[in-house]
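The values are calculated or read from the model by the stated rules, or taken from the named source; none is laboratory data. Only a predicted model underlies this, so the values are computations on that prediction, with no experimental measurement involved. All Cβ positions, even for glycine, are placed from backbone atoms using ideal geometry, and neighbour counts span all protein chains on display.
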Amino acid sequence: MRQIDLQKITRVVKELSIEANTIANCDLRDALEKSVSKEVSPVGKAVLGQLLKNQDIAEASKLPICQDTGFTVVYLEIGMDVSFTGGTVKDAVDQGVREGYTEGFLRKSIIKNPLTSPVNTEDNTPAILHIDLVPGDKVQITLMPKGGGSENMSRIKMMKPSDGVPGVRNFILETVKFAGANPCPPIIVGVGVGGTFDYAAYMAKKSLLRKIGERNSDPEIALMETNWLSDVNKLGIGPAGLGGKVTALDLFIDVFPRHIATFPVAVNIQCNAARVKTRIV
Amino acid sequence: MGNEVKRVETPLTEEVIKTLRIGDEVLLSGIIYTARDMAHAQLQEMINNGDELPFNASGSVIYYVGPSPAPVGRVIGSAGPTTSYRMDPFVPAMFEAGMRGMIGKGPRSSKVKDLIVKKCGVYFGATGGAAALLSESIVEAEVIAFEKFGPEALRKLKVNNMPLIVINDCYGGDLYLEGIDKYSEEI
């Protein structure tokens, strides 16, 4: 067994909180740069230019790319040959969020109890924590600060099995159209199909961890991703919703077996400040 | 961006608002106030009770934003717009109090759009996600009410050439609808 002090996990979560919120990933930057030439609307082009300039300012000034530094979603892949010392994994992750959001001057956006205690927790905890056990003696930590505006435009539908593939496509297009300018386009569309009610939503969000351009390994699904991305980009919403051809930078679909009676489809929308950072301990 | 760039100063007057058309790029300067969900609920209650507001609302511009904390050496952190539809229910009371302009992102309800025409107001869009860039145009910031709400407190900001675009003008125009009409294709 490899022993890992949980203080190390806290430190990495803290660092990833700050890095994710202030330094844009290369894939996002490249996709935005390429989208400038695809955009035909002059206003749309100008908005894309603003977003690129914004990333430069954020990185140089250590300011958050977006003031909404999100709900901190953390994915831990823990090797089964790892044993932790010094507390619990959940506390270690929350402590990392607490330190990162405080020391990094990131916004604290979490309300303690929506029903009984509508006050800010003041340190952006708790994180949303997903844990997977995997072979090996490493821990992979992935952190995604997820903003409220794009989360609000995300939807789930328990379709009839007879709705099938056209039903999934229609639901995706309806969701993006309904979202319009609200989730800060150009967006990234994350889709989860199958599993249970909750698992479809889990898959939709987890698909957003992919790098832009990374296709589903199943060629049939990969084709749906590219075709439906092209459909989304015909909706005319455009950068900042001001009209244009670049409504989404990518569309990811993840699937899981379904029950004979159900056909869940979840669409989780990611904003133009798509923030994800990963580190292996 | 699209049309000519217009320099506009606050407080807004009817005369100036009537010169603004959808798609106009605006550089806004002067004093504006920040308020989002919780501050609006408080303001509406004060307006309904006939209480004095913590700022002069006459001709005012409200920016829907919850900024990130100011790091050392800066007046404010990142400060991009939040989604405006959540503030739609409070717009009638705010217009009643004297507000003339709003800054946010995303479409407004038909009721709000009607009020913009009736009350001679304007809705500006700021680019969602361009929060660090927008913070560069903020030269002074001060919490003037509801400090306990943290990012949702009411702030007085002094802005200098804040880059905005007119989304809804006092003639009933809607840039979001026009954009989709212009650029959508058959699927």
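So the values come out like this:
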quantity: From the options B:G125, B:G98, B:G179, residue that is of a type outside the set (S, T, Y), without any contact (Cβ under 8 Å) to a residue 60 or more places away in the chain and at positive phi; calculated: B:G98
quantity: Criterion: charged (D, E, K, R), assigned to a loop (DSSP other than H, G, I, E, B), more than 23 Å from B:A130 (Cβ to Cβ) and in contact with a helix residue (DSSP H, G or I) (Cβ under 7 Å, 6 or more places away or on another chain) - qualifying residue of A:R210, A:R275, A:R258, A:R215; calculated: A:R215
quantity: Subset tally (residues that are out of contact with any helix residue (DSSP H, G or I) (no Cβ under 7 Å at 6 or more places or on another chain) and surrounded by fewer than 17 Cβ atoms within 10 Å (Cβ to Cβ)) for the stretch A:58-76; calculated: 1
quantity: Residues that are basic (K, R) and closer than 21 Å to A:T262 by Cβ, drawn from the stretch A:181-229; calculated: A:K205, A:K206
quantity: Which listed residue, of A:G79, A:G49, A:G87, is outside the structural domain of A:I110 (by TED's automatic domain parsing) and either in contact with an Asp or Glu (Cβ under 9 Å, 6 or more places away or on another chain) or surrounded by fewer than 22 Cβ atoms within 10 Å (Cβ to Cβ) (or both); calculated: A:G49
quantity: Members of the stretch A:198-221 that are farther than 17 Å from A:E151 by Cβ, surrounded by fewer than 15 Cβ atoms within 10 Å (Cβ to Cβ) and more than 12 Å from the chain's Cα centre (by Cα); calculated: A:G213, A:E214, A:S217, A:D218, A:P219, A:E220
quantity: Of the criteria (1) surrounded by fewer than 18 Cβ atoms within 10 Å (Cβ to Cβ); (2) of a type outside the set (S, T, Y); (3) touching a strand residue (DSSP E or B) at 6+ places or on another chain (Cβ under 8 Å); (4) without any contact (Cβ under 8 Å) to a residue 40 or more places away in the chain, which one B:V91 fails; calculated: (1)
quantity: Among the residues listed as A:V74, A:V47, A:V43, the single one being away from every other protein chain (no Cβ under 14 Å) and either within 20 Å of the chain's Cα centre (by Cα) or in a helix (DSSP H, G or I) (or both); calculated: A:V74
quantity: First in the stretch A:137-158 and outside any strand (DSSP E or B), second anywhere and surrounded by fewer than 18 Cβ atoms within 10 Å (Cβ to Cβ), Cβ under 6 Å, 6 or more apart; calculated: A:D137/A:R2; A:D137/A:D81; A:D137/A:V82; A:K138/A:I280
quantity: When residues of the stretch A:50-70 are limited to those that are of a type in the set (G, A, S) and in a helix (DSSP H, G or I), the one farthest from B:E136 (Cα to Cα); calculated: A:A60
quantity: Options B:G129, B:G150, B:G172; residue that is surrounded by fewer than 24 Cβ atoms within 10 Å (Cβ to Cβ) and part of a loop (DSSP other than H, G, I, E, B); calculated: B:G172
quantity: Filter pass, A:Q55 being buried (at least 21 other Cβ atoms within 10 Å of the Cβ) and free of Cβ contacts under 8 Å to residues at least 40 places away in the same chain; calculated: yes
quantity: Residue check for A:G167: in the same structural domain as A:A261 (by TED's automatic domain parsing) and assigned to a helix (DSSP H, G or I); calculated: yes
quantity: Lone qualifier among A:I172, A:I188 - being surrounded by 21 or more Cβ atoms within 10 Å (Cβ to Cβ), part of a helix (DSSP H, G or I) and in contact with a Leu (Cβ under 8 Å, 6 or more places away or on another chain); calculated: A:I172
quantity: Residues of the stretch B:37-56 that turn out to be in a helix (DSSP H, G or I) and surrounded by 14 or more Cβ atoms within 10 Å (Cβ to Cβ), as a count; calculated: 10
quantity: Complete set of residues in the stretch A:228-248 that are among the small types (G, A, S), at the interface with chain B (Cβ under 7 Å from one of its Cβ atoms) and over 17 Å from A:L28 (Cα atoms); calculated: A:G236, A:G241, A:G243, A:G244
quantity: Selection count where residues are part of a helix (DSSP H, G or I) and not aliphatic (A, V, I, L, M), scope the stretch B:132-147; calculated: 2
quantity: Criterion (of a type in the set (D, E, K, R), outside any strand (DSSP E or B) and away from chain A (no Cβ under 14 Å)) met by exactly one of B:K111, B:K156; calculated: B:K111
